[in-house]
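Asks: The structure that follows is given in the form of structure tokens.
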Amino acid sequence: MLSGWNWVACGFCLLLNICFLEASGGLVQSCGHIIPESPVLALGSNFTALCILNESCLDFGNIYASQIIWKIKNRVVPKEQYREINRTVSSVTFNDTSSLATPLTCNILADGQIEQNIYGITITVGLPPEKPKNLSCVVHQVSQLTYPMICTWNPGRHTFLDTQYRLKYRWARESFPDCVPTDVNNSCTIPDVHFFVNLEIWVEAANALGKAESDPLVLDPIDIVKPLSPHNLSVSSGILPTVLKLSWENRISDPVMKLKFNIRYRITGDTNWMEVPSEDTASPRTSFSVQGLRPYTEYVFSIRCMKEDGVGYWSDWSEEKTGITTEDEPSKGPSLWRIIDASHSPAFWTVHLMWKALKPYEANGVILQYELTVRDKSSLSSPLEKYNVTSTNLTLQLPNSTYEVTVIARNRVGGSPPSVLLIPASNSKAPVKNLRTLPKYDKLWVGWTAPNSYVLKYVIEWCLVSSTSDCIIEWQTALGDVQGIDLKGIKPFKCYLITVYPLYADGQGSGQSVKAYLKQDRPSKGPTVQTKKVGKAEAVLTWNHLTVDEQNGFIRNYTILYKTIDGNETVVTVDPSKTEYTLSSLTSDTLYTVRMMASTDNGSRSGPDFTFTTQKFGKGEIEAIVVPVCLAFLLIVLLAVLFCFNKRDLIKKHIWPIVPDPSKSNIAQWSPQVPAKHNFSSKDQMYPEGSFTDVSVVEIEADDKKSFSEQDLKPFDLLKKEKSTSEGHSSGIGGSSCMSSPRQSVSDSDDGETTQNTSSTVQYSTVVLNGYRDQTPVQVFSRSESTQPLLDSEERSEDHAGGGDSTAERQQYFRQNGGQDETNTDRLCFERTKQITHANEGDLVGFVQLQISGQSSQPLGLGMEKNTQEAALSNVLQTSTEGQTVRPEIVEENPLSVDEMPKSYLPQTVRQGGYMPQ
Amino acid sequence: GDSWGIFTFLCAALCNLPALPALNCSEELGAGQSIQQTYDLTRYLEHQLRTLAGTYLNYLGPPFNEPDFNPPRLARAERVPSATVDLDLWRGLTDNARLAANYRAYSRLLCYLRVLDGQVGTAELRHRLAHFCASLQGLVLSIGGVMSSLGYPLPAGPPAPSGAPPASNDFLKKMDDFWLLKELQTWLWRSAKDFNRLKKRVPPAVVTLRLEARGF
């Protein structure tokens, strides 16, 4: 909108101007103007402008000063700043020019509405220049005859205006053209200056707002010269090996300026410069001899100069030039040492002589060769051995003795002083004491306490201890008055073996060694632990020491960590010298995990885990259990065997129950005679104290039957059947027969009676059998053909042979029966069975009688025995008849053992009746 | 003369106390340093002229550049102030007279030299000549300064070069140049002696003392 208005206003203005043109008769004429025209104003000052209108315009367009509007750019200046001086002049006042901008225009509000521009001015605001400060000038020599002077100054604050700086200079009564700086406002170069005439120099700064001059500088340009450095520097070596001669050219001539110099130099490769004392070079010259240099050393030189009186500036350093001093004799002999190898043969040494190449500053030239002499000190007459070598070692085979070795290093100029090493036959002197090490940054300090006697020097040997490579010895010497040196080139985390030997004038001390690390680390691996033996509550662990390369430091201790799967870890610290440890108090039959940690001063590392299981039983525990158990078992078995053996009869009875002899049953029924019973009871009466009523007596006989062969058993079974039919009847008889047996032994002596009985029984038995059973005809036949006598004899022999064994058993049973005489037990029992047969009835006796008669065909020995038995039997029969009165009592008793009674018959039958097995 | 010397000595001492370059107060310093500086300048001009003369004579060509070339002094060359005054007579003059004679001679020589400057062909030589002229101008000023510092009135301004016609032919012109350089050399040589002597007579300022102690 506003700009639109402006266009409208301009258009109107143009119309007005055309009108004016017409009015003023063809001349282009402005309607007014501003005073001042394009002013330059100082920042912060006040400013008043006047707009003066032309009279003609007043008439034409009724324009008056009161209608004037002042504008800065497009901004209307507030009316308070206007002042109407008269009809045609209006003024505007600004208290601070910093609020001004360009252009400032004077406008008219024509017809109260349309703004018309009358005139405009540009305003420049800035600052007057400050006084330039810190003016200083330097004359730079750029060539032999060209000396431009550069002056610099501080121009001060920015003026915002175009400001001219001029460097003015003049002689007392003569001025020179100003030096006008180009592109800059703080320096200017005067191309040519003249020396030895004082010059007044100052700077003038000027702009539209003012002018300022610096303080003048009055000087002779010769006093501010920075000369060119001397050139064509050359270095030449002189006759002396410690002197180098420098020569150069100055680029400023003596009448212009007298010079003084600085010379600096350094050894090639070194960075530190040394300087020739400035007093020595304080006068004009073109050459100088630098002294006190090292022989055969390359030096770098450089030189600079300035005015001799020190007024002005130093030149730059000249280009560097190198020179080498000439050679000189080596200043000292090489350090000498040896390694003696006496391993091949004790009488001969292999001596490795070795020496250090001289340092460049000691060698003073190129070492051409080393001259060694070896002299056997033990014998004065021995010749001096000489060797010339170019290497730094020599190996000799020498007999074991004391030697003096010297070495001389030789260069082109001459030989060094000799180095002497005494190799004694033995290192018998005092060693150093208290050898110790201390790491110092990248060096390892080795210290010791000197022995009491005077030491010429010390030799320090060291080598890297490694399990993979040999210990390569390095060494160095130290003077006798030091008690510690720094070893360089020591690697961290490596074990070094350091040995110190003191060398005396007349011998050599034995070496003292120490192991050291420059820096320790934790081991590179942990020890691998294993069990050597695992018990119930303890385990023996073993491990190998870490190799030197793995240790990375001194192993201070081993730590064993072990735990069960769910238990807490237990830690045990073990001395580093051990390779075995016994863990105790472990839980039996438990899985343990154990690992081991090796620790240095700087940390520790664990080895792999190892698991083991403790045993269920401790050592000897199984034995302790098994042996007693076995013993107990054995004992039980033994006891059982004994028991069985003892009770074999009883057992036999259980397994092979006695089958009653059926034939006997018949007899029982068949013989109802009381007399027989009477006999029995009378017997009982006769021996009441014996009370042989016990059933067990019968059982023993049954037991004995058990031991018979299978052959015997068959007929036995047969008898059993017979017995079953006659069981009930035979009971009473069995019981009585048993009772009669003990008495028999007592009445053995009565032979006459038995014979009588026998004859009678034979008759009976034959009759009974036939009558009782259907089978009897068979039995009858068998009896007549019986081989009984043979069986009987066999049986007896068995009894006799086994008599010893069965004695004990029998005794027991006899004991039950009242402790009868034991000596005759065998026979007693035998007799008793017979008696029973007798005792059953008189018929039985007869039956036995039959047997006996049959036995007559037996061999003589047996027959003899048989006879005696028969005699005994007859006795029994006799006695039984006598004891008939007791009989009723026994009968009463018998029913109690009815079951057993028949059994008692069986053995009897078997034994006596050898005819049974047909 | 003595009281002046003491005064200048004191002045120099005062000026040197604050270790400022003594040049800042050269006016006050007066004779001592001015004489030394003028002497140094004379030596410097001698040195410059030696090289300049060699170059210029070569520029003139043979026979002027021959070492043993010693032509007779032409009558027309009399306009160049001659230094060929008897040495005893010269020494017999007062300082003032000698300084004034120097002042006049160099002013005159400078005028001829400037004419010479405009004719030289090579830029290098012209530059060196211009530099020499400027330095010689400085010498004139320095002598004036010494005279004023010693309290002598400056001689009247140099008389305008006599309107002697320029040499008609080239050889004669070269001869003039040759003699100009020759006279300059003589003057400078003698002036150096003058100032050295004067320097010794005038009580030395601090700077002078220092320079002398260093074997000047």
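Asks: Tell me, please, whether a residue that is on the phi > 0 side of the Ramachandran plot, crowded, with 16+ Cβ neighbours inside 10 Å and either away from chain B (no Cβ under 14 Å) or at pLDDT below 90 (or both) can be found in the range A:289-301.
Replies: Taking the range A:289-301 first, the residues on the phi > 0 side of the Ramachandran plot are A:292, A:296.
Next cut, crowded, with 16+ Cβ neighbours inside 10 Å only: A:296.
So of that shortlist, the ones also either away from chain B (no Cβ under 14 Å) or at pLDDT below 90 (or both) come out as A:296.
Within the range A:289-301 (the criterion being on the phi > 0 side of the Ramachandran plot, crowded, with 16+ Cβ neighbours inside 10 Å and either away from chain B (no Cβ under 14 Å) or at pLDDT below 90 (or both)), the answer is yes, since at least one residue qualifies.
Asks: Keeping to the range A:63-122, report how many residues are small (Gly, Ala, Ser) and out of contact with any Ser or Thr (no Cβ under 8 Å at 6 or more places or on another chain). Outline the logic, then answer.
Replies: First pass over the range A:63-122, keeping only residues small (Gly, Ala, Ser): A:65-66, A:90-91, A:98-99, A:101, A:110, A:112, A:120.
Narrowing the set further to residues that are out of contact with any Ser or Thr (no Cβ under 8 Å at 6 or more places or on another chain) leaves A:98-99, A:101, A:110, A:112.
The number of residues fulfilling the criteria is 5.
Quick grid of which residues meet (1) outside the structural domain of A:Val203 (by the TED database); (2) within 16 Å of A:Glu213 (Cα to Cα); (3) touching a helix residue (DSSP H, G or I) at 6+ places or on another chain (Cβ under 7 Å):
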site	(1), (2), (3)
A:His140	no, no, no
A:Ser143	no, no, no
A:Trp171	no, no, yes
A:Pro177	no, no, no
A:Val184	no, no, no
A:Cys188	no, yes, no
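Asks: Within the range A:303-313, is even one residue within 60 Å of the chain's Cα centre (by Cα) and either at pLDDT 90 or above or among the aliphatic types (A, V, I, L, M) (or both)?
Replies: Quick first cut of the range A:303-313, residues within 60 Å of the chain's Cα centre (by Cα) only: none.
No, the conditions are met nowhere in the range A:303-313.
Asks: Do we find that A:Lys258 is within 14 Å of chain B (Cβ to nearest Cβ), surrounded by 15 or more Cβ atoms within 10 Å (Cβ to Cβ) and either basic (Lys, Arg) or under 21 Å from A:Ser143 (Cβ atoms) (or both) in this structure?
Replies: On the way: within 14 Å of chain B (Cβ to nearest Cβ): yes; surrounded by 15 or more Cβ atoms within 10 Å (Cβ to Cβ): yes; either basic (Lys, Arg) or under 21 Å from A:Ser143 (Cβ atoms) (or both): yes.
Answer is yes for this residue.
Asks: Quick one: is A:Leu233 within 14 Å of chain B (Cβ to nearest Cβ) and closer than 30 Å to B:His47 by Cα?
Replies: Details: within 14 Å of chain B (Cβ to nearest Cβ): no; closer than 30 Å to B:His47 by Cα: yes.
For A:Leu233, the condition - within 14 Å of chain B (Cβ to nearest Cβ) and closer than 30 Å to B:His47 by Cα - is not met.
Asks: It is to be established whether one or more residues within the range B:133-154 are at pLDDT below 85, within 14 Å of chain A (Cβ to nearest Cβ), outside any helix (DSSP H, G or I) and in contact with a Gly (Cβ under 9 Å, 6 or more places away or on another chain).
Replies: Checked against the condition, which is being at pLDDT below 85, within 14 Å of chain A (Cβ to nearest Cβ), outside any helix (DSSP H, G or I) and in contact with a Gly (Cβ under 9 Å, 6 or more places away or on another chain), the range B:133-154 yields at least one hit.
Asks: Another question about this same structure. Could you list, in sequence order, all residues of the range B:125-148 that are among the aliphatic types (A, V, I, L, M) and surrounded by fewer than 20 Cβ atoms within 10 Å (Cβ to Cβ)? Quick ask: steps written out before the conclusion?
Replies: Kept after step one, since they are among the aliphatic types (A, V, I, L, M), are these residues of the range B:125-148: B:125, B:129-130, B:134, B:136, B:139-141, B:143, B:146-147.
The answer is B:Leu125, B:Ala130, B:Ala134.
Asks: Output the number of residues of the range A:339-372 satisfying the condition of being over 22 Å from A:Thr477 (Cα atoms), over 43 Å from the mean Cα position of the chain (by Cα) and free of Cβ contacts under 8 Å to residues at least 12 places away in the same chain.
Replies: Total satisfying the criteria: 1.
This table checks each residue for (1) assigned to a strand (DSSP E or B); (2) within 20 Å of A:Lys332 (Cα to Cα); (3) of a type outside the set (Lys, Arg); (4) not assigned by the TED database to the domain that holds A:Glu550.
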{"residue": "A:Arg436", "(1), (2), (3), (4)": "yes, no, no, yes"}
{"residue": "A:Gly447", "(1), (2), (3), (4)": "yes, no, yes, yes"}
{"residue": "A:Val459", "(1), (2), (3), (4)": "yes, yes, yes, yes"}
{"residue": "A:Trp462", "(1), (2), (3), (4)": "yes, no, yes, yes"}
{"residue": "A:Thr477", "(1), (2), (3), (4)": "yes, yes, yes, yes"}
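Asks: Tell me the strands (runs of 3 or more DSSP E) entirely within the range A:75-165 that contain at least 1 residues that are surrounded by 13 or more Cβ atoms within 10 Å (Cβ to Cβ) and either modelled with pLDDT of 90 or more or hydrophobic (A, V, I, L, M, F, W, C) (or both).
Replies: On the way: elements: A:82-84, A:89-94, A:104-110, A:114-121, A:124-126, A:133-140, A:149-154.
Hits in the range A:75-165: A:89-94, A:104-110, A:114-121, A:124-126, A:133-140, A:149-154.
Asks: Still on this model: Sort through A:Ile222, A:Ile263 and tell me the only one that's crowded, with 18+ Cβ neighbours inside 10 Å and within 14 Å of chain B (Cβ to nearest Cβ). Let's see the steps before the verdict.
Replies: Details: A:Ile263 fails: within 14 Å of chain B (Cβ to nearest Cβ).
Just one listed residue meets the conditions, A:Ile222.
Asks: Follow-up. Check off (1) crowded, with 19+ Cβ neighbours inside 10 Å; (2) β-branched (Val, Ile, Thr); (3) more than 14 Å from chain B (Cβ to nearest Cβ) for A:Ile201 and give me the number that stays unchecked.
Replies: Checking A:Ile201 against (1) crowded, with 19+ Cβ neighbours inside 10 Å; (2) β-branched (Val, Ile, Thr); (3) more than 14 Å from chain B (Cβ to nearest Cβ), the one that fails is (3).
Asks: Looking only at the range A:166-175, count every residue that is within 14 Å of another protein chain (Cβ to nearest Cβ) and in contact with an Asp or Glu (Cβ under 7 Å, 6 or more places away or on another chain) and tell me the total. First the steps, then the outcome.
Replies: Taking the range A:166-175 as the starting set, the residues that turn out to be within 14 Å of another protein chain (Cβ to nearest Cβ) are A:169-175.
Now drop any that are not in contact with an Asp or Glu (Cβ under 7 Å, 6 or more places away or on another chain), which leaves A:169-170.
Looking only at that region, the number is 2.
Asks: A follow-up question, please. Determine, yes or no, whether A:Ile485 is out of contact with any helix residue (DSSP H, G or I) (no Cβ under 7 Å at 6 or more places or on another chain), buried (at least 19 other Cβ atoms within 10 Å of the Cβ) and modelled with pLDDT of 90 or more.
Replies: On the way: out of contact with any helix residue (DSSP H, G or I) (no Cβ under 7 Å at 6 or more places or on another chain): yes; buried (at least 19 other Cβ atoms within 10 Å of the Cβ): yes; modelled with pLDDT of 90 or more: yes.
Yes; evaluated as a whole, the condition is true for this residue.
Asks: A follow-up question, please. Test of understanding: among A:Tyr496, A:Tyr501, which residue is over 24 Å from A:Leu421 (Cα atoms), assigned by the TED database to the domain that holds A:Tyr454 and either touching a Lys or Arg at 6+ places or on another chain (Cβ under 6 Å) or in a strand (DSSP E or B) (or both)? Step through it out loud before you land on a result.
Replies: Working: A:Tyr501 fails: over 24 Å from A:Leu421 (Cα atoms).
After applying the criteria, what remains is A:Tyr496.
Asks: Got a sec? Which of A:Asp192, A:Asp178 is away from every other protein chain (no Cβ under 14 Å), within 30 Å of B:Thr42 (Cβ to Cβ) and not hydroxyl-bearing (Ser, Thr, Tyr)? Please lay out each step first, then the result.
Replies: Numbers: A:Asp192 fails: away from every other protein chain (no Cβ under 14 Å).
From the options A:Asp192, A:Asp178, the qualifying one is A:Asp178.
The values are calculated or read from the model by the stated rules, or taken from the named source; none is laboratory data. Model, not experiment: these values are computed from the prediction. Cβ sites come from the backbone with ideal geometry, for glycine too, and all protein chains shown count toward neighbours.
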